[in-house]
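Report on the following structure.
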Amino acid sequence: MIAVYILLFLTLLDTDDQGRSLKTSKQSNPVKIGLLVPTGKSVDHFAIHGAEFAVSEANESDNYQDQRFELVVRSCEGPWGMTSKQVVNFVYEDRVSGIISSLDGENAHLAEQVATKTRLPILFSRTTDPTVTQAYVPWFFRVIPDDRILSEALINEIFSVRKLSRVALLVPDTYDARVMAETFLERAGNLGFSPPEHIIYLGKLDSVELKIQDLKDQKIEGLVFCGGIRALSNLVDGFGNPEPAFFGMRYLSNFETDDPNMVVPVPVNWPSKASELFRMEFTKRYGYKPGLGAAYTYDATGLLIHVIGQVGPDPEKIRSALQSVYFEGVTGPVSFDENGNRNLEIRITQPMLKQD
């Protein structure tokens, strides 16, 4: 009888005056979500903060009362092949339910090779390489449009809307830049447009001044950048003319500007009320305004959490749910085609924010 009274007393301590439980209903064992990021000079703190923000919101929300989420971040720092090793670690050490990849196209291919064998869903929030999802493996999903969509938006703006003819394509010596250049040229040809007169491979960005002078001499009407905007922004400044500079959308990940001559494709509803609220709350938390890089990783993480909330942490059930999901993200509605590519309408705009 004494034990019964003690149990009743402890129960009353854990309830309010209306008898509702004061204990948290979150599980003691969290559902783990993996985030794979580059390191060194390429460290993607935008992606880390975007994913952290989504996880913290979920854990503070009443929408997932029976679940708690934990973000596990692994980097690809080290020798070639580290990406594959880290995916294996996610599976067998961390036991994550899904992976968010903020890697470039080359490393994304390594990640998908391992994920195929381990049967773990992976969402790409950075790479625009079209070939990542051309393997038709039902475990891969891309929340960012690929270079085919981005190129077609730029091609229409350059050749149809602005009717430019003397355009230079600038290609740094990186995997993603080469893929974007190849895709741009292929799509331009398929749409009946002549390729740019000047295709300049920049190597390690040496002799930049000579290349700028050459472009000036050729009276170029527009510059198409197939590389990271940080590395190439000095070319824009050095060019010194009001000709427009066109960038793929991925490059808003690290740099944004209010220069009216810098043009990028963005989601058709960016900005929106949802994205503005996200940017405001993100800035309060991290001290800088996020661009699309943080927003895409935030949406990828939020989407994965949303699906786990519906079907639980089993990877197979998550994969199946992702194939037919509809999710309202800050970058717009998220759904996928049969190959895991996002269904997303794109428009052309100038960036709105400055680099922090």
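The values are calculated or read from the model by the stated rules, or taken from the named source; none is laboratory data. Nothing here was measured: the structure is a model prediction, and the numbers come from that model. Because the Cβ atoms are built from the backbone with ideal geometry, glycine has one as well, and the counts that use them run over all protein chains shown.
Across the stretch 133-189, the qualifying residues are those that are touching an Asp or Glu at 6+ places or on another chain (Cβ under 9 Å) and among the basic types (Lys, Arg), and the one among them that is surrounded by the fewest Cβ atoms within 10 Å (Cβ to Cβ) is Arg166.
The combined condition, being at pLDDT 80 or above, assigned by TED's automatic domain parsing to the domain that holds Gly105, surrounded by 23 or more Cβ atoms within 10 Å (Cβ to Cβ) and not in a helix (DSSP H, G or I), is not fulfilled by Leu223. Counting residues in the stretch 140-154 that are farther than 28 Å from Ile100 by Cβ, in contact with a strand residue (DSSP E or B) (Cβ under 7 Å, 6 or more places away or on another chain) and not in a loop (DSSP other than H, G, I, E, B) gives zero. Among the residues of the stretch 48-84, those identified as more than 30 Å from Thr283 (Cβ to Cβ) and more than 22 Å from the chain's Cα centre (by Cα) are Asp66, Gly78, Pro79, Trp80. Within the stretch 282-326, if we keep just the residues that are farther than 23 Å from Asp129 by Cβ and among the aromatic types (Phe, Trp, Tyr), the residue that is nearest to the chain's Cα centre (by Cα) turns out to be Phe282. Inspect the stretch 282-290 for any residue being of a type in the set (S, T, N, Q) and modelled with pLDDT under 95 and give the result as yes or no. Yes: the stretch 282-290 contains one or more residues that are of a type in the set (S, T, N, Q) and modelled with pLDDT under 95. The residues of the stretch 96-132 that are surrounded by fewer than 16 Cβ atoms within 10 Å (Cβ to Cβ) and assigned to a loop (DSSP other than H, G, I, E, B) amount to a single one, Arg119.
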